[in-house]
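The values are calculated or read from the model by the stated rules, or taken from the named source; none is laboratory data. Predicted model only: the values in this text are computed from it and were never measured. Note that each Cβ is placed from the backbone with ideal geometry, even for glycine, and that neighbours are counted across all protein chains shown. Just the protein is used for accessible areas: all its heavy atoms, side chains included, with ligands, DNA and RNA removed. Shrake-Rupley method; radii C 1.70, N 1.55, O 1.52, S 1.80 Å.
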Amino acid sequence: MRRLYLFCLALFFGLASSAHAAGLQLLDTDPTLAGAIWYPCAAEPQPVPLGKVSMNFITTLQGVKDCPVSGSRLPLAIIAHGRGGWFGGHDDTAQALADAGFVVAAINYPGDNGADRSQSDSLSIIAARPKETIRLLDFMLNEWRDRAVIDPEKIGFFGFSAGAYTGLILAGAKPDYQKIAGLCTEGNNSPGCEQFRRGDIPPEPQHDPRIRAAVLADTALNFMFSADGLTDVHIPLLIWRSKSGGGGIDPKNVVLTASSLPGKPEVRVMPAGHFGFLAPCTEKFAAELPRLCADPPGFDRTAFHHELNASIVSFLRDHLATERKP
């Protein structure tokens, strides 16, 4: 028994010592493409000042700034934040993916982030988010200084809330704007409803077949998808939903959308509310935005995120390792 214990202990420390910190490059030269890139790096992490891409009271992220990229033909994962979020809102997931050998990229969605919510309630964001994600993907494959390390045949996606909606669109889903009519009843004078009444409807959002697998957490705007609008979604999907919802998310609608998808993807449940999918809160973050950190008794967000991140890494790694079908 002791031999088995010592073997397991040695294996654990062997695996731990082989892990790398996340290299971190900031995207801070273009305000419409502001964010960060994480990637494998064999060095000790430390706080990296965010400078121009700081978000309110958040001024650093852990990583190794501008560390040389380790590896070649690496898979790429895009992370998309939720409504009013920011590119670092899933930093622990980005680090886990980078530690597993992925290049990871995330941006602040213009007009729908923690520093600028001017478009968060606008219909335009429905088409703009997929378009901005495609722009990020184009940049990573064609302009990023280390683009040669990326395998363009291995691109995955993780999205939360409005970010999960973004991923569903990119995968081929088509929203039905007429479904907004049921929400825009008399007295609802939100910017989106005002646009709808004026007939100011965005063009059909763009899809991107370069994305080959996706993990979606608490998908927002589920009401806009009919079964017919989901028939062109054929990539492998893993769906996570919260048990109690919140933040405008009804878990029943997440399940309904998942059940209408071709292939009937697996749905896993987080035993907490919507914001439990955000990275574990620091003391300062909890003091500044307590509603995003209030979890139910008995729920350990840090422990859950180990499970969540492991599922994302495993799912994307497994499905991006397969050959693309003609």
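D208 fails exactly one of the following numbered conditions: (1) open to solvent by 40 Å² or more (accessible area, probe 1.4 Å); (2) touching a residue at least 24 places away in the same chain (Cβ under 8 Å); (3) of a type in the set (D, E). What is the number of that condition?
Every listed condition holds for D208 apart from (1).
Could you tell me how many of the residues in segment 220-240 are out of contact with any Leu (no Cβ under 6 Å at 6 or more places or on another chain) and closer than 26 Å to S122 by Cβ?
So the answer is 10.
Would you confirm whether or not segment 154-171 contains a residue that is surrounded by fewer than 20 Cβ atoms within 10 Å (Cβ to Cβ) and either in contact with a Lys or Arg (Cβ under 7 Å, 6 or more places away or on another chain) or over 22 Å from R268 (Cβ atoms) (or both)?
Taking every residue of segment 154-171 in turn, none turns out to be surrounded by fewer than 20 Cβ atoms within 10 Å (Cβ to Cβ) and either in contact with a Lys or Arg (Cβ under 7 Å, 6 or more places away or on another chain) or over 22 Å from R268 (Cβ atoms) (or both).
Hey, can you tell me all the residues within segment 253-274 that are open to solvent by 50 Å² or more (accessible area, probe 1.4 Å) and not charged (D, E, K, R)?
Hits for segment 253-274 are N253, V255, L256, S259, P262, G263, V267, V269, P271.
Condition first: open to solvent by less than 10 Å² (accessible area, probe 1.4 Å) and under 18 Å from L74 (Cα atoms). Now tell me which residues in segment 41-60 satisfy that.
The one that is open to solvent by less than 10 Å² (accessible area, probe 1.4 Å) and under 18 Å from L74 (Cα atoms): C41.
Kindly list, by first and then second residue, each pair from a residue in segment 29-42 that is hydroxyl-bearing (S, T, Y) and at pLDDT below 95 to a residue that is surrounded by fewer than 23 Cβ atoms within 10 Å (Cβ to Cβ) and assigned to a loop (DSSP other than H, G, I, E, B), limited to pairs with Cβ atoms under 6 Å and residues at least 6 apart or on different chains.
T32/P110
Could you please give the count of residues in segment 140-167 that are assigned to a helix (DSSP H, G or I) and under 20 Å from G111 (Cα atoms)?
The total comes to 6.
Please specify each residue of segment 113-136 satisfying the condition of being under 19 Å from Y177 (Cβ atoms) and either assigned to a helix (DSSP H, G or I) or open to solvent by 40 Å² or more (accessible area, probe 1.4 Å) (or both).
Passing the criteria: Q119, D121, S124, I125, I126, A127, A128, R129, P130, K131.
Report the residue count in segment 137-153 for those that are in contact with a Phe, Trp or Tyr (Cβ under 8 Å, 6 or more places away or on another chain) and open to solvent by 40 Å² or more (accessible area, probe 1.4 Å).
Final tally of qualifying residues: 1.
Within segment 48-94, track down each residue that is over 21 Å from the mean Cα position of the chain (by Cα), in a loop (DSSP other than H, G, I, E, B) and not hydroxyl-bearing (S, T, Y).
Within segment 48-94, F57, D66, C67, P68, V69, G71, R73 qualify.
Do you know which residues across segment 242-252 are out of contact with any Gly (no Cβ under 6 Å at 6 or more places or on another chain) and open to solvent by less than 50 Å² (accessible area, probe 1.4 Å)?
G245, I249
Test D228 against the criterion of being open to solvent by less than 20 Å² (accessible area, probe 1.4 Å) and within 28 Å of P265 (Cα to Cα), and give yes or no.
No.
Tell me, which residue of segment 16-28 that is out of contact with any helix residue (DSSP H, G or I) (no Cβ under 8 Å at 6 or more places or on another chain) and at pLDDT 95 or above is surrounded by the fewest Cβ atoms within 10 Å (Cβ to Cβ)?
Applying the filter and picking the extreme gives Q25.
Which of the residues that make up segment 183-200 are over 17 Å from D112 (Cβ atoms) and open to solvent by 60 Å² or more (accessible area, probe 1.4 Å)?
L183, T185, E186, G187, N189, E194, R197, R198, D200
Run D91 past the list (1) acidic (D, E); (2) surrounded by 21 or more Cβ atoms within 10 Å (Cβ to Cβ); (3) without any contact (Cβ under 8 Å) to a residue 24 or more places away in the chain and report the number of the one that doesn't hold.
Of (1) acidic (D, E); (2) surrounded by 21 or more Cβ atoms within 10 Å (Cβ to Cβ); (3) without any contact (Cβ under 8 Å) to a residue 24 or more places away in the chain, only one is false for D91: (3).
Go through segment 98-112 and give me each residue that's of a type in the set (A, V, I, L, M, F, W, C) and either closer than 20 Å to T219 by Cβ or assigned to a strand (DSSP E or B) (or both).
Scanning segment 98-112 gives V103, V104, A105, A106, I107.
So, R83, is that one buried (at least 16 other Cβ atoms within 10 Å of the Cβ), out of contact with any Phe, Trp or Tyr (no Cβ under 8 Å at 6 or more places or on another chain), under 26 Å from R301 (Cβ atoms) and basic (K, R) or not?
When the stated conditions are applied, R83 passes them.
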